[in-house]
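Shown next, in structure tokens, is the structure this report addresses.
The values are calculated or read from the model by the stated rules, or taken from the named source; none is laboratory data. Just so it is clear, the model here is predicted, and its values are computed rather than measured. Here the Cβ is made from the backbone with ideal geometry for all residues, glycine too, and neighbour counts use every protein chain on show. We work out accessible area using only protein heavy atoms, side chains counted, and drop any ligands, DNA or RNA first. Shrake-Rupley method; radii C 1.70, N 1.55, O 1.52, S 1.80 Å.
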Amino acid sequence: MAEHLVHDLVGVGIGPFNLSLAALADQTPGLSSLFLDAKASFVWHPGLLLDGTVLQVPFLADLVTLADPTNRWSYLNYLRQHDRMFPFFFSERFHIPRREYDHYCRWVAESLPSCRFDARVTDITLDEGAGAFAVTYRGGDGATVRVLARQVVLGVGTEPVVPQPLRPYVRAAAHTGRVLHSADYRTHRDALAGLADVTVVGGGQSGAEVVLDLLRRHGEGGAAGPHVRWVTRTPAFAPMEYSKIGLEHFTPDYVRYFRGLPEDRRDQLVEQQWQLYKGVSAETLADIHDLLYERTIGGAPPPADLHPGVSVTGIETTAGGYTLACRHLDQGAAFTVRTDAVVSATGYAAVRPPFLDGVAKLIDWDARGRYRVDGSYRVALAPGVPGTLYVQNAELHTHGVGAPDLTLGAWRAATILNAVAGREVLRVPERAAWTTFGAPPAAAPARPCDATRRGEEPQEPAAPA
């Protein structure tokens, strides 16, 4: 076990959010940083890196641009370094292929000297003598390394969520790929395409992309392709909110407003705002509709059934497949369906990593066992702890729907970087939205009406910060 000098910052996990912080920190002189990840190399949602899928945010929401457009790790510089600037220009893209975003992030991760892969963090403790956190990780060669960090940023991402009835089938040791989370879809897509009937559970973007991909296999190479059943608890297969004003929910302004609400109201809002982060792109829904329209020309039966407002309540193994117990939430009606396979496209959720056990008693958890996170993304710790813990993409309950969205990634990383450095390394905007979230500030006192009569130009009251 080797012990190194104290780093200013150690990041655990190298997904897009911590990679954004690493890229911004790389351009900050005098800051010692190290980022660790258990994977052998960078990879981003490999199970859904399908041809034709695009990022749901514009390319400007890359790792750095919305915080520092001059940064060398921008997507535009990636294009330049890979001689793709002119092809990109002629393609007139605003939303880039998901596979290219993955390749862009991998280019950054492999280029940054602060990023270390094959480094599985096993423990974080407090070294009171050093006045810092001790981060222990195991390298790819099996060696154990201990490093010290004044400040730690958790960016371990989220883990797949599976409905309770399906969990034993997904976890089964003899798992054959017949009941799986969409995170593993790409691995099993060819086998699924050869079945007669596949049920996709979950009405978000991932579920829509799996449904579309399976439907496109019809007639491919002479294959019939599976009949696809799409089931979701949400009341409709609805498009994601993508209006220009609606998108202002993904601004620092809304984050500040949301943080000021009572905890119970925040929890209610997250559930109510599902179309902001669980909806489907209008283009994907249109593609599914158009494909169904073409496949039914001449009276052919539709190759899919769509069931919104339906919950899967149970599953049983039957000969060659499964029987799903379902309930329609509005009608209360129970029914069953028989299927050959189930793809659970039911999203992801933040989890408490086991390596935090060594400092769990120092963290001020809320009543539901979640982090308490302040405006600079610091986790509330016990008084007197000589170190700071930050978190990325585990603050949906305190910061709102922008927490998992790439749009706010660079801004959040810049906010954390400023807090880590103890100074303004990167300027972050005071206001970014036209919308006033919450009650308007108190109006300025009325001005004397005779100011204009004296030939003076009346002055607008100063805008509130």
Quick check on the chain: of the DSSP beta bridges with both residues there, what percent are antiparallel, nearest 5%?
50
Acute angle (nearest 10 degrees) that the helix 282-295 long axis makes with the longest principal axis of the chain, alpha-carbon atoms:
10
Size of electric dipole in region 392-436: Cβ of Lys, Arg +1 and of Asp, Glu -1, about Cα centre, debye, nearest 20:
120
Cleavage-rule hits, GluC sites (Glu not before Pro), region 34-139, DSSP coil, Cβ neighbours within 10 Å at most 14
E92, E128
For region 356-401 versus region 1-77, the gap between their alpha-carbon centres in whole angstrom:
21
Sparse-neighbour loop sites [trypsin sites (Lys or Arg not before Pro); region 218-308; at most 14 other C-beta within 10 Å; DSSP]:
K244
Specify the longest stretch of the chain that does not include any exposed loop site, a site being one of the chymotrypsin sites (Phe, Trp or Tyr not before Pro) with a non-H, G, I, E, B DSSP assignment and at most 11 other Cβ atoms within 10 Å.
95-433
Trypsin sites (Lys or Arg not before Pro) within region 299-378, DSSP loop, no more than 11 other Cβ atoms inside 10 Å:
R368
Using eta = 0.890 mPa s and T = 25 °C, Stokes-Einstein with Kirkwood Rh from Cα pairs puts D for region 132-268, in µm² s⁻¹, at 125
Could you check how much of the accessible area of the chain is carbon and sulfur, as a whole percent, using a 1.4 Å probe?
53
In nm, to one decimal, how far is the modelled label at A380 from the one at L292, with both set 7 Å along Cα→Cβ?
4.6
Between helix 16-26 and the chain: long-axis angle, C-alpha atoms, 0 to 90°, nearest 10
30
Given a 1.4 Å probe, the accessible area of the chain per residue, as a whole number of Å², is 49
Once fully extended, how much extra length lies between S32 and L269, figured as 0.36 nm per residue of separation less the alpha-carbon to alpha-carbon distance?
81.4 nm
Of the candidate values (i) 77, 76, 52; (ii) 71, 55, 43; (iii) 60, 57, 46, the one computed for Cα extents along the principal axes in Å from this structure is (i)
Long-range amide H partners of A304 with built H, under 5 Å
V228
For the chain, what is the calculated [θ] at 222 nm in deg cm²/dmol (nearest 500), taking -39500 (n - 2.57) for each run of four or more DSSP H residues and dividing by its residue count?
-7500 deg cm²/dmol
